[in-house]
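> Here it is: the structure, laid out below.
The values are calculated or read from the model by the stated rules, or taken from the named source; none is laboratory data. The structure displayed is predicted, hence computed values, not measured ones. Here the Cβ is made from the backbone with ideal geometry for all residues, glycine too, and neighbour counts use every protein chain on show.
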Amino acid sequence: MLYQFILFLLFNNFFQTNPQQIISEVQKKYSGINDLKATLTQTIESSATSQPQLIKADLYFKKENNYRIEFKNQLLISNGITSWNYSKTAKRVVISNYEENFFSPQTLLFNLPSKSNSKFEGMEKLEGEEHFVISFSPKGSDFNFKALKVWISKNYLIKKVEVEDWAQNKYSFMISDSKINSDLNDNLFKFIPPGVVKIVDLR
């Protein structure tokens, strides 16, 4: 009985400190998520500004590669084929072909781990709950960043992403108030002009 208990402790400790095992569990978790709604808090730390910039947005995601991010003065939408970047103040929309970014589930869960060295950095408490912290350093030049960290909850959801570029700027994205599989309407991922807007089509 004591032998089995010691084996359990050793295995459990290995599992919790093995980044590949944690990433595998996150991949399994997100394979069962069809859509997600959450609050996104973006923080930007730059040598050009004395104080960090804090921006909040509403985030909507739906498989495959559909997303909508509503900032106060900006709206980003993609249906996985086309992307729209709408400035509410300028009343202008820039249309382009969809491109994967750092923070898409596909990039974070599959592309990034396969093209980076990963390391378990320990546990850290966010909003009162312990999270796994995993760092990634790119093996080649496929990603335009120096370092990236991901905070993962114990139920294997991504809670926070922090990226540092080569100019020492830091960008962090905190996800809170997540609602999973609430059957989001497909119309959320279509850009419907709110009146007359200037169109810049880069496709």
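> Looking at Asn65, Asn73, Asn34, Asn79, can you tell me which residue is at positive phi and either surrounded by 14 or more Cβ atoms within 10 Å (Cβ to Cβ) or of a type outside the set (Phe, Trp, Tyr) (or both)?
Asn65
> Follow-up. Among the residues of the stretch 145-187, write down those that are among the aromatic types (Phe, Trp, Tyr) and touching a strand residue (DSSP E or B) at 6+ places or on another chain (Cβ under 7 Å).
Phe145, Trp151, Tyr171, Phe173
> Follow-up question, since we're still on this one. Can you list the strands (runs of 3 or more DSSP E) found entirely within the stretch 157-203 that contain at least 2 residues being under 28 Å from Phe145 (Cβ atoms)?
158-164, 170-180
> Consider only pairs whose beta carbons are under 7 Å apart and that are at least six residues apart or on different chains; among these, list those whose first residue lies in the stretch 59-71 and is polar (S, T, N, Q) and whose second residue is part of a loop (DSSP other than H, G, I, E, B).
Filtered contacts from the stretch 59-71: Asn65/Gly80; Asn65/Tyr98; Asn65/Ser104; Asn66/Asn79; Asn66/Gly80.
Conditions (1) more than 17 Å from Ser172 (Cα to Cα); (2) outside any helix (DSSP H, G or I); (3) modelled with pLDDT under 85, marked per residue:
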| site | (1), (2), (3) |
| --- | --- |
| Leu7 | yes, no, yes |
| Asn13 | yes, no, yes |
| Gln21 | yes, no, no |
| Glu25 | yes, no, no |
| Leu36 | yes, yes, no |
| Ile44 | no, yes, no |
| Gln51 | no, yes, yes |
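> Would it be correct to say that Phe103 is part of a loop (DSSP other than H, G, I, E, B), modelled with pLDDT under 90 and not β-branched (Val, Ile, Thr)?
yes
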